[in-house]
Amino acid sequence: MARLDPHSYTDSSHPLAKHVALTLYFDFAANTIHGSALLTLPSAHTGHLLLDTRLLLVHSVIDPVSGAPIPFSFPSSDDPVFGRPLSLSLSAQSAALVVFSTSPSSSALQWLSPAQTASKAYPFVYTQCQSIHARSIFPCQDTPAARLTFSARLNLPSPLTAVMAAARAADTRDPIAGEAGPACSDALWCSPGRAVEEFVMDRPIPAYLFAFAAGCIASRDVGPRTRVHAEGGLVLLDAAAREFAGAEDMIRAGEALFGPYEWGRFDLLVLPPSFPYGGMENPMMVFLTPTVIKGDASGAQVVAHELAHSWTGNLITNKTNEHFWLNEGFTTYAERRIVEVVQGEERAVLNTGIGWKGLNEEMERFADNMEFTKLKPNLEGIDPDEVYSQVPYEKGFQFLWRIERQIGRLAFDVFVKKYIATFKFQSIDTETFLEFLKVNVPGIENQIDLKLWVEGTGIPPDAMEPVSTIYSKIVSLANEFKQGKIPKEEEVADWSGQEWELYIENLPKSVEASQVASLDARYQLAESRDYEVKVAFLQLAVSSGCKEYHGEVESTLKQVGRMKYLRPLYTALVHGTGDEEKMLARRIFAEARDSYHPIAQGVVQSILAKHS
Ligand code: BES
Ligand code: ZN
């Protein structure tokens, strides 16, 4: 018995399921899904089969061929982070049908009441499975080392509709008696006003890419393979359609750089403001926060990033989260290459600069925990959500950029294309990447200290801060702020959100309260429609002890649930000069908690707990 992933109970000697057929009945009144998962193995297996679960109620396990029960047990209790293994005892069986119900506190699901939605009339539910939350929706081998295809049959109350990161297999139809099998009684399945939707994912994907949403969803085509979906009503849909009009150009840019787009559709789903990430690369349908819609096409960076995962991440996946940089570092590199094509080199360099600043800040965050500054950290027993950071993104980016500088862009582009073609639809580790690098770029190990990059802590000396006129100008303006100088109107005339973000992030951590006030008096940063700018400014204001911004901080923390904003604001509050800020943080969390996704609730909880 050996685990093949520190974050999964999957046993390396057990076969990996190759397909799962899901039947899911949505009970919005109870925030629960009743369902079944029919898992198919590559061949008959005798002995135990361990599956990941978290807070799942397992009612029965059945042999789909004979209908006989399959013995099962839970060898350990539910770990709050990792859940518990479900152990099946198979005897020469190649399939098992697990009948289960989810818990209302399933960590992958956010259930929104009608009042919490834009429609105000219909409930909404959506998933976020990365990194290890799929197990709280259905029993599975919840490790990216395992890839499987799936089909899903969803039963919903009409007029709600469902979307999935998968292809639609049939039009919405009436339920049929008997089709749910043991997942759900016909009385429920076929009750009045229920409808069934069917989806299929025929390319093998890791469980963390499993995704759906259901509610009152409107949609509009914005390109030949791109449709935008949103819960937020027609005004939001209009804005989203405008913001994402360039999607097709990006896909073409991606194909030119990295090879064919293998997923058919590239749809976009705009989620309610509580969505905990900027974007999530669910295949065929990227999930996005509404905060990327700013009316100035700046959401393009997030779309470029999630699109880039279609090659680096969804085609080539990290084998475990210890190799997460292969996903996010590669994607950050690919994202910037796409941005360079569609928005120009200056924009890409600016993004690199924001990333460089972010990477340096993580070094301070992890000063007492340098393990997490490694490209390939040891994550045994560690909750991936707890240590989520810019390190895999930006140190990974820097590593690849370093290789590009060494061998030249032309050669590097050939290398990347070959890398993707070689490992597509596989889950690989850092060693596999390094081996491939050494074979394809002979002598690279004598030119770059690969071991230092991969195993070392901190930022290697041959990492590089980007060079560009705009970037340097912004950084030097930020340095002048220390001498009390605020940029002149003509200096910032053509700044967009990203320039401001870079500027604010390069200011000292805390400054004179009066300086914060005069910066805001001139440029109204606290009221910016761009959350990146607003949050960067509010973080500075809180850290500088400016209490007059507490109201704005509170309303921000109650409007959005994106962790990129929650983390710095709650952290600034708990690090505050007095008890007032800590108490404020606690009160806001108590009041806003229900509006956050369970993953975000956990992360804020842990920020508050560290400073209680
Ligand atoms: N896959 C990530 C989001 C994620 C990472 C979810 C780890 C759960 C665990 C996604 O691709 C991402 O990186 N999103 C960024 C976008 C940004 C880098 C443009 C985000 O949400 O901020
Ligand atoms: Zn990513």
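The values are calculated or read from the model by the stated rules, or taken from the named source; none is laboratory data. Quick caveat, the model's predicted, so the values are computed rather than measured. All Cβ positions, glycine included, derive from the backbone under ideal geometry; neighbour counts span all protein chains shown. The protein model used for the area step is the full one, side chains on, heavy atoms only, and it has no ligands, DNA or RNA in it. Shrake-Rupley method; radii C 1.70, N 1.55, O 1.52, S 1.80 Å.
What residue, among those in region 536-567 that are of a type in the set (Val, Ile, Thr) and away from ligand 1 (no atom under 16 Å from the Cβ), is surrounded by the fewest Cβ atoms within 10 Å (Cβ to Cβ)? Let's see the steps before the verdict.
Step one: list which residues in region 536-567 are of a type in the set (Val, Ile, Thr), which gives 542, 553, 556, 560.
Now restrict to residues that are away from ligand 1 (no atom under 16 Å from the Cβ): 542, 553, 556.
Working: VAL542: 29, VAL553: 26, THR556: 19.
Applying the filter and picking the extreme gives THR556.
May I ask you to say which residue of GLU380, GLU435 is within 30 Å of ALA609 (Cα to Cα) and open to solvent by 10 Å² or more (accessible area, probe 1.4 Å)? Before you say what the answer is, go through the steps one by one.
Values: GLU435 fails: within 30 Å of ALA609 (Cα to Cα).
After ruling out the rest, the residue left standing is GLU380.
Which one is farthest from ALA348 (Cα to Cα), of the residues in region 260-270 that are assigned to a loop (DSSP other than H, G, I, E, B) and within 16 Å of ligand 2 (Cβ to nearest atom)?
Within region 260-270, the match that is farthest from ALA348 (Cα to Cα) is TRP263.
When region 438-475 is examined, which residues are found to be open to solvent by 80 Å² or more (accessible area, probe 1.4 Å) and either β-branched (Val, Ile, Thr) or at positive phi (or both)?
Of the residues in region 438-475, the ones open to solvent by 80 Å² or more (accessible area, probe 1.4 Å) are 439, 442, 445-447, 449, 451, 455, 461, 465, 467, 469, 473.
Within region 438-475, VAL439, VAL467, THR469 meet the criteria.
Regarding region 199-208, can at least one residue be identified that is in contact with a helix residue (DSSP H, G or I) (Cβ under 7 Å, 6 or more places away or on another chain) and open to solvent by less than 20 Å² (accessible area, probe 1.4 Å)? Full working, then the answer.
If we filter region 199-208 for residues that are in contact with a helix residue (DSSP H, G or I) (Cβ under 7 Å, 6 or more places away or on another chain), which is where we start, we get 207-208.
Next, from what is left, pick out any that are open to solvent by less than 20 Å² (accessible area, probe 1.4 Å): 207-208.
Checked against the condition, which is being in contact with a helix residue (DSSP H, G or I) (Cβ under 7 Å, 6 or more places away or on another chain) and open to solvent by less than 20 Å² (accessible area, probe 1.4 Å), region 199-208 yields at least one hit.
Of all residues in region 283-319, which are part of a loop (DSSP other than H, G, I, E, B) and within 9 Å of ligand 1 (Cβ to nearest atom)?
Here is the first cut: in region 283-319, the residues part of a loop (DSSP other than H, G, I, E, B) are 283-284, 289, 293-299, 309-311, 313-315, 319.
Across region 283-319, the qualifying residues are THR289, HIS309, GLY313.
May I ask you to list the residues in region 550-604 that are within 16 Å of ligand 2 (Cβ to nearest atom) and over 18 Å from LEU112 (Cβ atoms)? Let's see the steps before the verdict.
Let us first name the residues in region 550-604 that are within 16 Å of ligand 2 (Cβ to nearest atom), namely 562-564, 599.
Matches in region 550-604: LYS564 only.
Within region 255-284, work out how many residues are out of contact with any helix residue (DSSP H, G or I) (no Cβ under 9 Å at 6 or more places or on another chain) and open to solvent by less than 10 Å² (accessible area, probe 1.4 Å).
Number satisfying all stated conditions: 2.
Would you confirm whether any residue within region 568-586 is assigned to a helix (DSSP H, G or I), closer than 28 Å to TYR208 by Cα, open to solvent by less than 30 Å² (accessible area, probe 1.4 Å) and in contact with a Gly (Cβ under 8 Å, 6 or more places away or on another chain)?
no
Which one of these does TYR126 not meet: (1) away from ligand 1 (no atom under 16 Å from the Cβ); (2) in a strand (DSSP E or B)?
(1)
Looking at THR332, THR352, which one is more than 24 Å from GLN539 (Cα to Cα), of a type in the set (Ser, Thr, Tyr), touching a residue at least 40 places away in the same chain (Cβ under 8 Å) and within 16 Å of ligand 2 (Cβ to nearest atom)? Talk me through it step by step, then tell me what you get.
On the way: THR352 fails: more than 24 Å from GLN539 (Cα to Cα).
Result of the check over THR332, THR352: THR332.
Within region 99-114, identify whether any single residue is modelled with pLDDT of 95 or more, more than 25 Å from ALA230 (Cα to Cα) and hydrophobic (A, V, I, L, M, F, W, C), and answer yes or no.
Yes, the conditions are met somewhere in region 99-114.
Taking region 355-377, which residues are open to solvent by 20 Å² or more (accessible area, probe 1.4 Å), in contact (Cβ under 8 Å) with a residue 60 or more places away in the chain and among the aliphatic types (A, V, I, L, M)?
MET363, MET370
Quick one: which residue in GLU394, GLU404 is within 16 Å of ligand 2 (Cβ to nearest atom) and surrounded by 15 or more Cβ atoms within 10 Å (Cβ to Cβ)?
GLU394
Filter region 186-208 down to the residues that are within 17 Å of LEU154 (Cβ to Cβ) and either outside any strand (DSSP E or B) or touching a Cys at 6+ places or on another chain (Cβ under 8 Å) (or both) and list them by number. First the steps, then the outcome.
In the first step, residues of region 186-208 are kept if they are within 17 Å of LEU154 (Cβ to Cβ); the result is 186, 188-191, 193-201.
Within region 186-208, ASP186, LEU188, TRP189, CYS190, SER191, GLY193 meet the criteria.
Of the residues that make up region 336-347, is at least one open to solvent by less than 10 Å² (accessible area, probe 1.4 Å) and either in a helix (DSSP H, G or I) or away from ligand 1 (no atom under 14 Å from the Cβ) (or both)?
Initial filter on region 336-347 (open to solvent by less than 10 Å² (accessible area, probe 1.4 Å)): 338-339.
Applying the additional criterion that residues be either in a helix (DSSP H, G or I) or away from ligand 1 (no atom under 14 Å from the Cβ) (or both) yields 338-339.
Checking region 336-347: at least one residue is open to solvent by less than 10 Å² (accessible area, probe 1.4 Å) and either in a helix (DSSP H, G or I) or away from ligand 1 (no atom under 14 Å from the Cβ) (or both).
When the residues of region 277-326 are filtered to those that are of a type in the set (Asp, Glu) and touching a residue at least 60 places away in the same chain (Cβ under 8 Å), which remaining residue is nearest to ligand 2 (Cβ to nearest atom)? Don't jump to the end; show me each part of the working.
The first filter runs over region 277-326 and keeps only residues of a type in the set (Asp, Glu), leaving 281, 296, 306, 322.
Next cut, touching a residue at least 60 places away in the same chain (Cβ under 8 Å) only: 281, 296, 322.
On the way: GLU281: 6, ASP296: 22, GLU322: 16 Å.
If we take residues in region 277-326 being of a type in the set (Asp, Glu) and touching a residue at least 60 places away in the same chain (Cβ under 8 Å), then GLU281 is nearest to ligand 2 (Cβ to nearest atom).
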